[in-house]
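Below is one structure, written out as structure tokens; comments come after it.
The numbers here are math on the coordinates, done by the rules we state, and not lab data. Being a predicted model, the structure only gives us computed values, none of them experimental. Cβ placement follows ideal geometry from the backbone for every residue including glycine, while neighbour counts extend to all protein chains displayed.
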């Protein structure tokens, strides 16, 4: 049995550990030492894709017997990631392909007005550069067949994704598409278990199914991607097309989570969850989605905001329900992104000045009390309106904390008016005004 070593350094760490996982299965949590290095040794590694997570996450390929070294700066996580040691070069190729894909996709929309033939020429030239890089690498190095499959999927499925994005942008102009534009859809492999958590493949799958569902609307009405109808059709399509149970369960889980985290109608959520339960065959996924479903339904309008323990800046434990004495906007923030939490507080202060009838309560989702209190003091936030979650794991489940921009609006009795909204939404002020005028 071969021993595999994974080591590295995290510059500007945001946590004192890293997590290694295989898909959504956590393998190990590894502590950083005093110099922010980590060292991991195992004899249980099988050849394939794994994830490293430290705030953000990135995928890497490893084989038994590799001695992989990583270097990451959290200020520029993906761009700074560099590998060395045995197994390093092939991972540098994967990260290079990933960064190229991301940079290309950011500039892609300027080509959407082109004809489909001209658009294809543009993305064909980008694909050719990556194929040359890949072929040059495998000509010089002996690599596993599974690595070849992963690298080729990275190139091909990102290319297919670009076509799906063009297709979505031009859905209202069917005359723009040449008759062979979507021929690549015949090459889609719906049975790639090893790639089910691999970003280029997984992202393509979701874009593909999104376009398939949208095409069924036939442009008869605007498409609401948060609606029951849209999301039900999407999981129905996944269930009917994907042949791999493992991939199907993964896609169903993802889409169920996305829907439930945004849904606002308890009856529709129940109907959706019942349909999902019949399609899914993974017990672990079912329990995970069931917990989100249960919590999500409790956050729909008309329910009382959940009882959650908070800690004040004076280190006094209070219950969320007990601090609500007026119509209140509850929002969340973390020290991990200074720009984001300053923007969130700035928006809260602006809204407070416009709508003084509302209280605005900021809840920090970190676990380090002194760092949080110091951040509040330095930023000169009102300490009377700032709290930290006492038990993050419990609160995450009860409040369905899926995004930092999440906001809950309640009346003076703690009854939920909006359980899933966002202070930066264009209609947010309309919501506040509407509830005041009821």
In percent, what relative contact order does the chain have, based on Cα pairs under 8 Å that are 6 or more apart in sequence? 10 percent
Taking square-rooted eigenvalues a ≥ b ≥ c of the alpha carbon gyration tensor, is the range 178-229 rounded, prolate or oblate, where a/c under 1.5 means rounded and, failing that, a/b exceeding b/c means prolate? oblate
Given 0.36 nm per residue, what is the gain on full extension from residue 133 to residue 370 after removing their alpha carbon distance, in nm? 80.5 nm
Give the shape of the range 119-256 as rounded, prolate or oblate, defined through the alpha-carbon gyration tensor: a ≥ b ≥ c are the square roots of its eigenvalues, a/c under 1.5 means rounded, and otherwise the shape is prolate if a/b is larger than b/c and oblate if not. oblate
Based on the Cβ-Cβ distance from residue 337 to residue 377, what FRET efficiency comes out when R0 is 22 Å, to the nearest 0.05? 0.75
Residues of the range 68-108 with amide nitrogen under 15 Å from the 7 Å Cα-to-Cβ point of residue 56? 71-83, 95-104, 106
For the peptides 4-11, 343-350, what is the packing order when you average, over each peptide's residues, the other Cβ atoms within 10 Å and list the highest mean first? 4-11, 343-350
Return the distance in nm (one decimal) between the two label points of a simple spin-label model at residue 80 and residue 353, each offset 7 Å from Cα along Cα→Cβ. 3.5 nm
Let me know the Rg and Dmax you get for the range 329-438 when you use only its Cα atoms, in Å. 13.6, 41
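Arrange 131, 75 by Cβ neighbour counts within 10 Å, fewest through most, would you?
Sorted ascending by nearby Cβ count, the order is 75, 131.
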Starting from the Cα of residue 270, move 7 Å in the Cα-to-Cβ direction to define the label point; list residues of the range 295-314 whose amide nitrogen is under 13 Å from there. 297-298
How big is the range 224-298 in terms of Cα radius of gyration and Dmax, in angstroms? 11.2, 35
Most exposed first by the Cβ proxy, i.e. fewest other Cβ within 10 Å, how do 359, 319 rank? 319, 359
Over the Cα atoms of the range 3-94, what Rg and Dmax result, in angstrom? 11.9, 32
Exposure proxy check: 360, 293 ranked by fewest other beta carbons within 10 Å? 360, 293
Just subtract the alpha-carbon distance of residue 152 and residue 246 from 0.36 nm times their residue separation and send over the number in nm, one decimal. 31.7 nm
If each DSSP helix of 4+ residues adds -39,500 (n - 2.57) and the sum is divided by the residues in the chain, what number results at 222 nm, nearest 500 deg cm²/dmol? -15000 deg cm²/dmol
In degrees, nearest ten, helix 245-262 long axis to first principal axis of the chain (Cα): 30 degrees
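Kirkwood hydrodynamic radius, computed over distinct alpha-carbon pairs, for the chain: how many Å, to one decimal? If you can, show how the numbers build up before the last one.
Values: mean 1/r = 0.0410 Å⁻¹.
One decimal place: 24.4 Å for the Kirkwood radius.
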Angle in degrees between helix 283-298 and the longest Cα principal axis of the chain, rounded to the nearest 10: 30 degrees
Where labels lie 7 Å past Cα in the beta-carbon direction, separation of residue 225 and residue 288 in nm: 2.1 nm
Assuming a ≥ b ≥ c are the square roots of the Cα gyration tensor eigenvalues, decide whether the range 262-324 counts as rounded (a/c under 1.5), prolate (otherwise, with a/b larger than b/c) or oblate. oblate
